[in-house]
Structures are given as structure tokens and as C-alpha cells.
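Working notes, structure below.
The values are calculated or read from the model by the stated rules, or taken from the named source; none is laboratory data. No experiment lies behind these values; they were computed from the predicted model shown. FYI the Cβ positions are ideal-geometry reconstructions off the backbone, even for glycines, and counts take in every protein chain you see.
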Amino acid sequence: MNGVSVILKRELLSYFATPLAYVFIFIFLVLSGVFTFYLGNFFEREQADLTPFFSFHPWLYLFLVPAISMRLWSEERKTGTIELLMTLPVSRIDAVLGKFLAAWLFAGFALLLTFPLWITVNYLGDPDNGVIFTSYLGSFLMAGGFLAIGSCMSALTRSQVIAFIGCGIVCLLFVLAGFQMVTGLLRDWLPLFLVDTIASLSFLMHFSAVSRGVVGLADLVYFLSMIGVWLAATVVVLEIKQAD
Amino acid sequence: MLEVSHLHKQFGDLTAINDISFKLVPGEILGFLGPNGAGKSTTMKVITGFLAPSSGTVTVWGCDVATDPLGAQKHLGYLPEGAPLYEEMTPRTFLAFIAEVRGITGAESADRIRSVVSTMSLEAVLDQRIETLSKGFKRRVGLAQAILHDPDVLILDEPTDGLDPVQKHHVREMIQGLSKDKIVIISTHILEEVTAVCSRAIIIAGGSVLADCTPDELESRSRYHLATTIRFSGEEQLNTHRDALSTLEDVSGTDVSASSVELTLFPGETEGSSQRVAQQAVEYLRGHDADVTGIFQERGRLDEVFREITGLEVRH
């Protein structure tokens, strides 16, 4: 476990060594504010909850998470430091985990910085803070899923642009799989059980379940296994094409 | 102990390494020579466990790199080609990171870092971001990283590439100064480096070992080995004496250097002929009052041997 924590620490520090971290946090906070107040009609709804804030998270993450994950492995490939990292006495699994956890913690930190919204809604009314808490948890877990996909996409290429687009597209598929318009369309073509299976793989379904305030075991298992599967895929990708 | 046995590496249709085997014992400094694309870097990547071989095994201090890469990597210090570094870090944080990964902590870590920083003269740039450093400093940070844990086996891929002559000298001194129970492999295409630091030289080309011997033996393969070279004051002088010198006993041939003032006399095959050629040449030059600025016996020209062995002929 020493390997994981050392890699994690280095990665996390390197986020803050470049403007990337600050730019990301700034854009994340501005956009989540814009979405909540303008698109989500936070005030007009006159309800003391954060639904308008959280409901845009899947879409917000679609282009913000790839921005964090794209550099995870692509940059190492591009600069050649992957050769340094992989010849240090650190196992591939530890390296993948350490990097992923650093990115996840960073995303979690950005999410925490949205706390003024929570204060606002508590100041304006009397929201169900339990629901808000599980929504935060759901959003964090979803960010983890997105990041795990991004980690795998980043391991595939030395180009950060390709890693960004790849992550965006795969995440979009996993979001859309549960989108009503898409499931409606699929229903005409596929048997119901397949449509349900596809929909159950969607981030959207599990995230909306959690953000209603119920953290079901199925949702937890879903998010954690998404993360596990995609990180395992990252390890395999690195094993197959480490030197490319 | 480091043992490489019957190593093969195939990239699609390209054979990068074709049956390379060698064994190194502590104290040996191996120079890995070869033209660009010969398979030097690939071999090093396989030894360090970065690349898996297509077949064959590498054993480092008893650890098989394929089955126990972490065990082998603990014994290894490695400077990859081009000295890649985490550019957003400073040498201080970078070296601290390497120490931590290698499980060196606390006072020992501080000691080791201080020691490599002074060996590599990095004091002045310790808190400067690596991306702002000159090529020479970057290379030295890479070297510092490789020797931080005082490894048993040190593998350096073109360690002096991009360094100025003073820095090159420092690096060679550092390598020679390593204690005698270490194994060092350096790859280079600078031939003097091999005679300067290595106790053994392996020349590879096209993925195969073409020569495996000491630098001295390599030199003795040269046509110029123990040949007598006379430097005249001018072309005219050389032409006056050339015919007489080339008919001296035991001289098997002559050559005039590109600068047209140096005449090389090649000795014959018989025992002691190189010495006789030198003595006779000196006597002749004295006797004929030739205007000579220097006379010396050649050690052998490595570049010529290198070209001959690798089959890269000179094109004039």
C-alpha cells in the first residue's frame, strides 16, 4: 500500500503545481452556479432543495471529468516518465490506484467547494439535509465512475486530446443509456430485458436513485463495480501496451 | 549478479533483440555500444522490466525480472533514454518522491538526498522547477534519481548525452567512483567513453551481439593497434621521407592521414615487429635530420573497429 499512497501524494501535489487545478475548480464552480441558477431555476422553483444543482451533474461531468483524467497516463506516455514510473518498485495496480484516487480526491475537493450552495439553501429554507448528503455522495461516486473510464481512455493513448474525447464519448454512452428518449427508442428495437439491462448500466439511473435520498446497495455496488472494472481495464491496457 | 540469457524481442516483423546473452559480476562496468537502432535501449528496457521479452530471461541479483519484477527493480537504478522527469516538480520534491517510493524514509532519506545532490552538484537548482532547468541539469537530476538508493545494478541509457565536456567528465568520475561491488551498464555511442570508464564492451547491431570483450581487446582489433605514427612539420617533409620509411624492415604498410602531415607505419604480423618499427623509424628520422613534430605509437582506433564490426563502412 506504500506505493499507492506515495503515487497518490505525488499526483495530488502535481495537480496544484500547475494552473490546471485552479482553472478546473474555477470553471466547475462557475458552471455549477450557472446551471443551478439559470438553467435550473433555483429561485423560481421556490423549493428548498438542491435538485437543480445535482440534476446537471452528469452533464457537467461529461466535459469536466475528462479534463482531469486525460492527463493521468497520456502525459506519462508523452513525456516518457511512464518508463521511470514502471521501473520503480511499484506494481502496476498500485500505480493505477494511486493515480485514480488522486484524481478522485481532487474531484471530491472541487465538489466540496460548492458548499456555499448548501449554506444558501439552508439559509433560505428548511431542506432535507439527508437527501443533500446522499446527493453529494452520489455525485462523488459518479465522478469516480467517470474518472475510472477516463483513466482507461488515458492509458490507451499518448495524446491527451484523444484521451479527452474518448472519455467524453464513453461517459456519454453510459449516461445516455438511461436517458428516457434513448430507452424509449431502444424499446422499439430490443426485447424489454435487454433495454432494462442497458438502462441499469446507466449513470443517470443510479445517480437519480441516490439523489432522491436512498442509497441502495444496488447503486453502491454499481458505482464501485464500474470503478473496479474500468481500473482493471486500465491495468490490462498498460500491461499490453506499456511501451507504445 | 546480472544474467541475461537468450533474450529475444520482436515488435511485429521487426526483431529488436536477437538472442542476446551475457553475465555480469559485481565490479564490472559494461559499455553497450551500437549504432542507432541497434537494440541497446530495447535491451535495457527489457533488463529493467519495462518491456517484457518475447523469450529469454533476465535475472537480477537472483530475481527473475519476468516473475518478480518488483524484487529485481529494488536492486536496479535506471536512467531511461532522454532522462524523462516529472517536469512540474522541483529536484527536491522529485528526489523525495523517489526516496519514498523506494521505501527510504526519515533521516536516511535526507542523508541519501543530500549525498546525491552533492555528487551531482544540484545544490543551486534544488527548488527550481525541473522544466526550467537546462538539459545538463535535467540529465543530472535523472542520474541522481538512479543512484539515490545506492543500487546494486545501475543501468544508464546514454548518461552523458547532452552534457558539456566538464559534466561528462563528472559523470564518468561518478561511475568509476561507485564502489567495486556494483554492476554498471551504460549505453553510449561515444567510443572514448568506453575506454574511459568501462571494463567490458559489448557491441550490438541489428539486435545481435557482435563483439564482447574488454576495451583493450577492442582496440587491439584495430589496424592501427601499435602502429607508429609520425607527424611531420609539413607535407613536403612527409613526401621526402615516405618511401624510405615504408621500406623499413617489418613495415607492412603505410597510411597518410587526412591532414597530410601524419604518416602511419603499420607493423607486420611477427612478434615484436611493432617495437622494431618504432625503433627503426626513430633511428631513421634522427639519421636523416627529418623535421618531425611528434612520433607516437597508436593504441588502436575504436571508431574504425566499431565501423568494421558493425559493418558500417566509411564513405568518402
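Computed quantities for the displayed model
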{"read-out": "B:D255 being of a type in the set (D, E) and under 16 Å from B:A290 (Cα atoms)", "value": "no"}
{"read-out": "Residue match in the range B:16-26 (condition: buried (at least 20 other Cβ atoms within 10 Å of the Cβ) and in a loop (DSSP other than H, G, I, E, B))", "value": "no"}
{"read-out": "Positions within the range A:124-139 being crowded, with 16+ Cβ neighbours inside 10 Å and either at pLDDT 95 or above or not in a helix (DSSP H, G or I) (or both), in sequence order", "value": "A:P127"}
{"read-out": "Counted residues, the range A:69-99 - those being farther than 22 Å from A:M142 by Cα and either among the aromatic types (F, W, Y) or modelled with pLDDT under 90 (or both)", "value": "0"}
{"read-out": "Count of the range B:13-37 residues which are among the acidic types (D, E) and within 19 Å of B:S199 (Cβ to Cβ)", "value": "1"}
{"read-out": "Lone qualifier among B:V141, B:V116 - being surrounded by 18 or more Cβ atoms within 10 Å (Cβ to Cβ), away from chain A (no Cβ under 13 Å), outside any loop (DSSP other than H, G, I, E, B) and β-branched (V, I, T)", "value": "B:V116"}
{"read-out": "Number of the condition not met by A:V23 [criteria: (1) of a type in the set (A, V, I, L, M, F, W, C); (2) under 25 Å from A:G168 (Cα atoms); (3) surrounded by fewer than 18 Cβ atoms within 10 Å (Cβ to Cβ); (4) touching a residue at least 40 places away in the same chain (Cβ under 8 Å)]", "value": "(4)"}
{"read-out": "Residue in the range B:77-99 that is nearest to B:A16 (Cα to Cα), counting only those that are in contact with a Ser or Thr (Cβ under 6 Å, 6 or more places away or on another chain) and either assigned to a strand (DSSP E or B) or of a type in the set (G, A, S) (or both)", "value": "B:Y78"}
{"read-out": "Residue, farthest from the other protein chains (Cβ to nearest Cβ), within the range A:26-51, restricted to residues that are farther than 27 Å from A:L72 by Cα and among the aromatic types (F, W, Y)", "value": "A:F43"}
{"read-out": "Qualifying helices (runs of 4 or more DSSP H) (wholly inside the range A:52-108; at least 2 residues being within 19 Å of the chain's Cα centre (by Cα) and more than 11 Å from chain B (Cβ to nearest Cβ))", "value": "A:57-69, A:71-79"}
{"read-out": "Residue match in the range A:233-240 (condition: farther than 30 Å from A:L84 by Cβ and without any contact (Cβ under 8 Å) to a residue 40 or more places away in the chain)", "value": "no"}
{"read-out": "Residues satisfying the stated conditions in the range A:4-13, i.e. out of contact with any Lys or Arg (no Cβ under 8 Å at 6 or more places or on another chain), within 14 Å of B:I98 (Cβ to Cβ) and crowded, with 19+ Cβ neighbours inside 10 Å", "value": "A:V6, A:R10"}
{"read-out": "Any chance B:E123 is surrounded by fewer than 19 Cβ atoms within 10 Å (Cβ to Cβ) and more than 29 Å from A:F16 (Cβ to Cβ)", "value": "no"}
{"read-out": "Hits in the range A:12-25 - residues which are in a helix (DSSP H, G or I) and more than 10 Å from chain B (Cβ to nearest Cβ)", "value": "A:L12, A:A21, A:Y22, A:V23, A:F24, A:I25"}
{"read-out": "Flag for B:M89 being under 13 Å from B:Q145 (Cβ atoms) and of a type outside the set (K, R)", "value": "yes"}
